[in-house]
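The values are calculated or read from the model by the stated rules, or taken from the named source; none is laboratory data. What you see is a predicted model; the values in this text were computed from it and never measured. We place every Cβ from the backbone using ideal geometry, glycine too, and count neighbours over all the protein chains shown. For the accessible areas, the whole protein counts, side chains as well, though only heavy atoms, and no ligand, DNA or RNA atoms are used. Shrake-Rupley method; radii C 1.70, N 1.55, O 1.52, S 1.80 Å.
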Amino acid sequence: MGKPTGFLEYERKESVGEAPLKRIKHFNEFHTPLSKKEQERQGARCMNCGVPFCQSGILIKGMVTGCPLNNLIPEWNDATYTGNWDEAYNRLRKTNPFPEFTGRVCPHPCEVGCTCNLGGDPVNIKEKELSIIERAYESGLIKPEPPEVRTGKTVAIVGSGPSGLCVAEYLNRRGHSVTVYERSDRVGGLLMYGIPNKLEKTYIERKVKLMEKEGVVFKTGVNVGVDVKAQDLKKQYDAVVLCCGASNPRDIKAPGRKSKGIYFAVDYLKAATKSLLDSNFADKKYIDAKDKNVMVIGGGDTGNDCVGTSIRLGCKSLIQLEMMPKLPDERQPNNPWPEWPRVCKTDYGQEEAIAVFGKDPRVYQTTVKEFIANEKGEVCKAKLVKLESKFDKKAGRNIMAEVAGSEYEVPVDLVLIAAGFLGSQPYVTKAFGLDLTERTNVKTVEGHFKTNVDKVFTAGDMHRGQSLVVWAIREGRDCAREVDKALMGYSNL
């Protein structure tokens, strides 16, 4: 611990974001990193606690606190404080193969678990992680490291999201020959097409090129279960790992749902990102929000991304529906540290909506009762209804029930459904003959990744359900070890 009193002497500082009215003019990242000197000073704030919850990755009341990857946070904080950035990178890479991703898109439960939260602000861990990996690239420290010896074993990975990339990274590092199949035209899964602004796609491409130089083979535009038969993959490879995500979106069952102008958020974001990457929107192959009254259904991260994207595409007005009540602005006594703080978060999309339209777009305890279409079959209005929490005797729990007489209408030209995901897509699971849980996730023995089908494993959202990028990486890391042990009889991963 290089600076025992650092957390007392230095205040937490964060990178400065570009003003909302400026950043909505582009789709690039919009934060200016802290200087090297300031990053080192921020590393001094780490207390190197006796019990470092920041790297615990434990669940408390069903919510994670601390890093699921068990990153060696106090170690690389101290290394940066003393100016030893190379050593900081060496410690970081031991647990996290993709800090360039998590440093940008992870909500960082590590900071939630930071002991400094008890009497002040947590250590700035997220930005430190990103600064370490970016300095490693800039200094030339990161170079292709193909395995010196190949095992002769072959592995097919279906899906190139964070879990699939992680499995590929570790199994290739072990010496197995890895081929990744991706149905889209670009590698990255939801990292590529589901997360705008926060993660510029050049960083994904940079990492993929590095993996290719190390021996990983990527095959894009190949839809396993359609273009390639499951049986053929099982015959061709020694192991198959399914990392297809929880890409089955939850729908809204309301009259008028089939009206034109209603889309799933994932389709909207993918079309916008692909058109941006392909032609800077010149091809017009995106869902245009210009001069439209947009309604986003869902208050999570995906809904926020829809808000930010719609504003950048020039929407006329915007409303974001949230079924649940607004969370408190500060921690409540029944939600103590180190639990995940159940507080209201205003994300970048909502900040931009406030700047453009003068108010927070979120409307709480509200849902759609009916979509109303014009004579052309296009959605033009939505009938909304307020909700309240009531105890349901049949369900044995509180539910959000409609408030009688609270209906009202709003003008709507474009509806984006960001209500979460239900699990894996059936055409893949049926093709492999997989057992599923009641939530349509792929079923395995708890704590393991082998499916009911010989030689077939699974990881990520397809296995655990919709979750964070950091959990997908953790799943990929653990799955890779299990696959390696199955192939070799032991594992040194």
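Some points to look at:
- Residue within segment 133-155 that is closer than 21 Å to GLY189 by Cα, modelled with pLDDT of 95 or more and aliphatic (A, V, I, L, M) present: yes
- Among the residues of segment 101-120, some residue qualifies, meaning at least one is of a type in the set (Phe, Trp, Tyr), modelled with pLDDT of 95 or more and farther than 19 Å from THR80 by Cα.
- Which numbered condition LEU141 misses (of (1) surrounded by fewer than 20 Cβ atoms within 10 Å (Cβ to Cβ); (2) in a loop (DSSP other than H, G, I, E, B); (3) without any contact (Cβ under 8 Å) to a residue 60 or more places away in the chain; (4) out of contact with any Asp or Glu (no Cβ under 7 Å at 6 or more places or on another chain)): (4)
- Within segment 1-58, the only residue that satisfies the criterion of being of a type in the set (Ser, Thr, Tyr), surrounded by 15 or more Cβ atoms within 10 Å (Cβ to Cβ) and under 30 Å from SER310 (Cβ atoms) is SER15.
- Selected residue (only one of GLU205, GLU212, GLU200 is closer than 17 Å to THR154 by Cα and open to solvent by 10 Å² or more (accessible area, probe 1.4 Å)): GLU212
- Flag for THR80 being closer than 23 Å to GLY120 by Cβ, modelled with pLDDT of 95 or more and out of contact with any Leu (no Cβ under 8 Å at 6 or more places or on another chain): yes
- Number of residues in segment 351-409 that are part of a loop (DSSP other than H, G, I, E, B), of a type in the set (D, E, K, R) and modelled with pLDDT under 95 equals 2.
- Qualifying residue in segment 316-330 (condition: open to solvent by less than 40 Å² (accessible area, probe 1.4 Å), over 21 Å from LYS386 (Cα atoms) and either among the acidic types (Asp, Glu) or outside any helix (DSSP H, G or I) (or both)): no
- Residue list for segment 184-202, filter: of a type in the set (Val, Ile, Thr), in contact (Cβ under 8 Å) with a residue 24 or more places away in the chain and out of contact with any Phe, Trp or Tyr (no Cβ under 7 Å at 6 or more places or on another chain): ILE195
- Count of residues meeting criterion [among the β-branched types (Val, Ile, Thr), open to solvent by less than 30 Å² (accessible area, probe 1.4 Å), within 26 Å of GLY300 (Cα to Cα) and outside any helix (DSSP H, G or I)] in segment 437-493: 2
- Residue within segment 174-183 that is of a type outside the set (Ser, Thr, Tyr), over 21 Å from ASN96 (Cα atoms), touching a residue at least 12 places away in the same chain (Cβ under 8 Å) and open to solvent by 10 Å² or more (accessible area, probe 1.4 Å) present: yes
- The criterion of being touching a His at 6+ places or on another chain (Cβ under 6 Å), more than 30 Å from SER35 (Cβ to Cβ) and open to solvent by less than 10 Å² (accessible area, probe 1.4 Å) holds for VAL155.
- Residue count for segment 222-237, restricted to those that are open to solvent by 50 Å² or more (accessible area, probe 1.4 Å) and either part of a loop (DSSP other than H, G, I, E, B) or in contact with a Lys or Arg (Cβ under 6 Å, 6 or more places away or on another chain) (or both): 3.
- So ALA401, is it closer than 28 Å to GLY308 by Cβ and among the small types (Gly, Ala, Ser): no
- Sole residue being more than 20 Å from the chain's Cα centre (by Cα), under 27 Å from ALA459 (Cβ atoms) and in contact (Cβ under 8 Å) with a residue 24 or more places away in the chain, chosen from ALA246, ALA265, ALA239, ALA289: ALA239
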